[in-house]
Amino acid sequence: MSNKTIAVNPSLYEYILGVSLREPAVLRKLREETAAMPEHNMQISPEQGQFMALLVRLMGAHRCLEIGTFTGYSALAVALAIDDDGTVLTLDTSEEYTDVARRYWKEAGVDQKIELRLAPALETLEEMLDADDQRHTYDFVFIDADKTNYNRYYEACLQLVRDGGCIAFDNTLWDGKVADQSVKDADTAALRELNEKLYADERIELSLLPIADGLTLCRKI
């Protein structure tokens, strides 16, 4: 027994997947195709995708926003979990990777739920805020893109998510580098600063979960 989070070694990780992962075949197929790509480590883990799907179901989320699409695994996991009239708006700049995403969204039969906008995310977020009718309308936001802009994404998304809605950040443990003060690269510094800011931010309720590479959940008060 332990009163703190236990370390997960490879055999325990396989056990966790073996007794809990209920990954739809289309998600597994997408994950396996992505695994052959040079940047495959940018994809979320399957247990994280399943957790996020459960979370949006528990929330009854209807309007979801994602910053950082890659090959579309997280968007697909969320789209499969929400009701038929729910929507996922996902933002990215790579046509190459999102072409893979579009193919699997269509194969899964959820492409009508997902809108992809190919443009720098900050530009799209600014347009959404200027439209005014987008403010305070999103139930769930997932941020998984360039780390140095996480804080700017956060401030924009706080205006887009409804009261009681959730903003989730990926990679907030950053392979443990956030806790190593000798590591000072821009991405690590940005994540470290974000974690400290979120801890002190009274606009939200907060939980940093040691799942995959760190998943932080923020409930807007």
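The values are calculated or read from the model by the stated rules, or taken from the named source; none is laboratory data. Computed from a predicted structure; not experimentally measured. Positions of Cβ are generated from backbone atoms using ideal geometry, with glycine treated the same way; all protein chains shown enter the neighbour counts. In case anyone asks, the SASA skips ligands and DNA or RNA and just uses the protein heavy atoms, side chains included. Shrake-Rupley method; radii C 1.70, N 1.55, O 1.52, S 1.80 Å.
Inter-label distance, Thr148 to Arg219: 3.5 nm, where each label sits 7 Å from its Cα along the C-beta direction. Once backbone amide H atoms are built at 1.01 Å from N, Glu115 has Val88, Leu89, Thr90 as its partners under 5 Å, excluding neighbours fewer than 5 places away on the same chain. Evaluated on region 145-221, the Kirkwood hydrodynamic radius is 12.6 Å, with distances taken between all distinct Cα atoms.
Centroid-to-centroid, using Cα positions, region 147-186 and region 66-130 are 19 Å apart.
If I compute solvent accessible area with a 1.4 Å probe over the protein chains, what percent of it on region 1-99 is carbon and sulfur? Can you show the working numbers first?
Numbers: 2970 of 5500 Å².
Heavy-atom surface of region 1-99 belonging to carbon and sulfur, 1.4 Å probe: 54 percent.
Overall shape: rounded for the chain, with the ratio a/c of the largest to smallest alpha carbon gyration tensor axis below 1.5. Dividing the helix sum by the residues of the chain, where each DSSP H run of 4 or more adds -39500 (n - 2.57), gives a mean residue ellipticity at 222 nm of -13500 deg cm²/dmol.
The listed peptides 22-29, 130-137, ordered by packing as a protection proxy, come out as 22-29, 130-137 (highest mean of other Cβ atoms within 10 Å first).
Rolling a 1.4 Å probe over the heavy atoms of the protein chains gives region 1-159 an accessible area of 53 Å² per residue.
For Arg203 and Asp175, a Förster radius of 41 Å and the Cβ-Cβ distance give a FRET efficiency of 0.90, rounded to the nearest 0.05.
Placing unit charges on each Cβ (+1 for Lys and Arg, -1 for Asp and Glu) gives the chain a dipole about its Cα centre, and among His40, Pro120, Tyr153 the Cα reaching farthest toward its positive end belongs to His40.
Distance from the Cα centroid of region 15-32 to that of region 37-51 is 11 Å (rounded to whole angstrom).
Please work out the FRET efficiency for the pair Thr93 and Glu23, using the Cβ-Cβ distance as r and a Förster radius of 25 Å; give the result to the nearest 0.05. Don't jump to the answer; show the numbers that get you there.
Numbers: r = 28 Å, r/R0 = 1.10.
About 0.35, to the nearest 0.05.
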